[in-house]
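K.L.:
Questions regarding the structure given below will be posed in turn.
The values are calculated or read from the model by the stated rules, or taken from the named source; none is laboratory data. What you are looking at is a predicted structure, and each value in this text was computed from that prediction instead of being measured. Don't worry about glycine lacking a Cβ; one is built from the backbone with ideal geometry, like all the others, and counts go over all protein chains shown.
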Amino acid sequence: MQFTSERRLDDGVLEREFTLGEIPGILWTPASAPAPLILCGHPGGLHMMYPRLVARARHAAAEGFAAATIELPGSGDRPRSADLEQARADLRRALAAGEPVDDEIVDRLVLPLVDKAVPEWQGVLDALLSLPDIDGPVGYSGGVIAIGVRLAVVEPCISAAVLFAGSFVPRIMFEEARQVTIPLHVLLQWDDEGNDRQMALDLFDAFGSAEKTLHADMGGHAGVPQHAGDEANRFFTRHLR
């Protein structure tokens, strides 16, 4: 892992950009480090998502957590995949036309992304856990929800997860959801224009965790209220401390 920049934010949080091989990312650590770590998932486009990501990281740092994120394969400045770009175009076309998004499009879009992104997250996590200001345990927060599901199954360092139900999920991943056993807190925007609400509810029902909470609010995809983030922080405080 190579740190490429460093700055101190006005609340004392240390922000460092890094690369691991071809993977760019950002690490935020509170003044109280060493600290437990929250991995911040997002739908891709690290520079575009930065304002929301840094707000999440600072919110977490206020509770004593470090936070880290990485760019997804095929997003931002990373090399494009022709197949992934075609799947995204087909998804946008279906949504713009008000048509149902069929399983074949979802599979082409999400499954290759999960297969590549999850090992990358695991490699970055190994590097982060070797740093003196990261103490563990580890949580995962955000989307793409299918990436969070796979990580919850295969990565033993992750002790709890806050999953954002705002992206399509291949039906084959419902089998993986049944293998999830860590505590879960799932955020659902009831009127999310780009999400299949019933699929999100069915996925929540499929999770095998003995402790799982569904937090639903009215509003669209980007309208998650502040109090929902507060509840997520309280969830991580219970499970990462």
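K.L.:
Residue under question is HIS42, and the condition is that it be buried (at least 21 other Cβ atoms within 10 Å of the Cβ) and within 30 Å of LEU9 (Cα to Cα); does it hold? Explain how you work it out, then say what you get.
P.N.:
Working: buried (at least 21 other Cβ atoms within 10 Å of the Cβ): yes; within 30 Å of LEU9 (Cα to Cα): yes.
Spelling it out, HIS42 is indeed buried (at least 21 other Cβ atoms within 10 Å of the Cβ) and within 30 Å of LEU9 (Cα to Cα).
K.L.:
Would the range 94-106 turn up any residue that is within 16 Å of the chain's Cα centre (by Cα) and under 23 Å from ALA222 (Cα atoms)?
P.N.:
No, the range 94-106 contains no residue that is within 16 Å of the chain's Cα centre (by Cα) and under 23 Å from ALA222 (Cα atoms).
K.L.:
With the requirement that a residue be at pLDDT 85 or above, assigned to a loop (DSSP other than H, G, I, E, B) and of a type outside the set (Val, Ile, Thr), what does the range 168-197 give you? Spell out how you get there, then give the answer.
P.N.:
Start the filter on the range 168-197 by keeping residues that are at pLDDT 85 or above, which leaves 168-190, 197.
With the extra rule that they be assigned to a loop (DSSP other than H, G, I, E, B), the set shrinks to 168-172, 178-183, 190.
Matches in the range 168-197: PHE168, PRO170, ARG171, ARG178, GLN179, PRO183, TRP190.
K.L.:
Looking for whichever is in contact with a Leu (Cβ under 6 Å, 6 or more places away or on another chain) and not β-branched (Val, Ile, Thr) here; the options are GLY166, GLY148. Which one fits? Spell out the reasoning first.
P.N.:
Details: GLY166 fails: in contact with a Leu (Cβ under 6 Å, 6 or more places away or on another chain).
Checking each option against the conditions leaves just GLY148.
K.L.:
Looking only at the range 224-241, how many residues end up being of a type outside the set (Asp, Glu), over 19 Å from ILE158 (Cα atoms) and exposed (fewer than 15 other Cβ atoms within 10 Å of the Cβ)?
P.N.:
Count: 3.
K.L.:
While we're on this one: Given the criteria aliphatic (A, V, I, L, M), buried (at least 19 other Cβ atoms within 10 Å of the Cβ) and in a strand (DSSP E or B), does VAL110 qualify?
P.N.:
Details: aliphatic (A, V, I, L, M): yes; buried (at least 19 other Cβ atoms within 10 Å of the Cβ): yes; in a strand (DSSP E or B): no.
Criteria not met by VAL110.
K.L.:
Scan the range 66-87 and tell me whether some residue there is under 17 Å from VAL118 (Cα atoms), outside any loop (DSSP other than H, G, I, E, B) and at pLDDT below 95.
P.N.:
Yes.
K.L.:
Tell me whether the range 152-162 contains one or more residues that are free of Cβ contacts under 8 Å to residues at least 40 places away in the same chain, closer than 22 Å to LEU109 by Cα, out of contact with any Lys or Arg (no Cβ under 6 Å at 6 or more places or on another chain) and not in a helix (DSSP H, G or I).
P.N.:
Looking through the range 152-162, none of the residues is free of Cβ contacts under 8 Å to residues at least 40 places away in the same chain, closer than 22 Å to LEU109 by Cα, out of contact with any Lys or Arg (no Cβ under 6 Å at 6 or more places or on another chain) and not in a helix (DSSP H, G or I).
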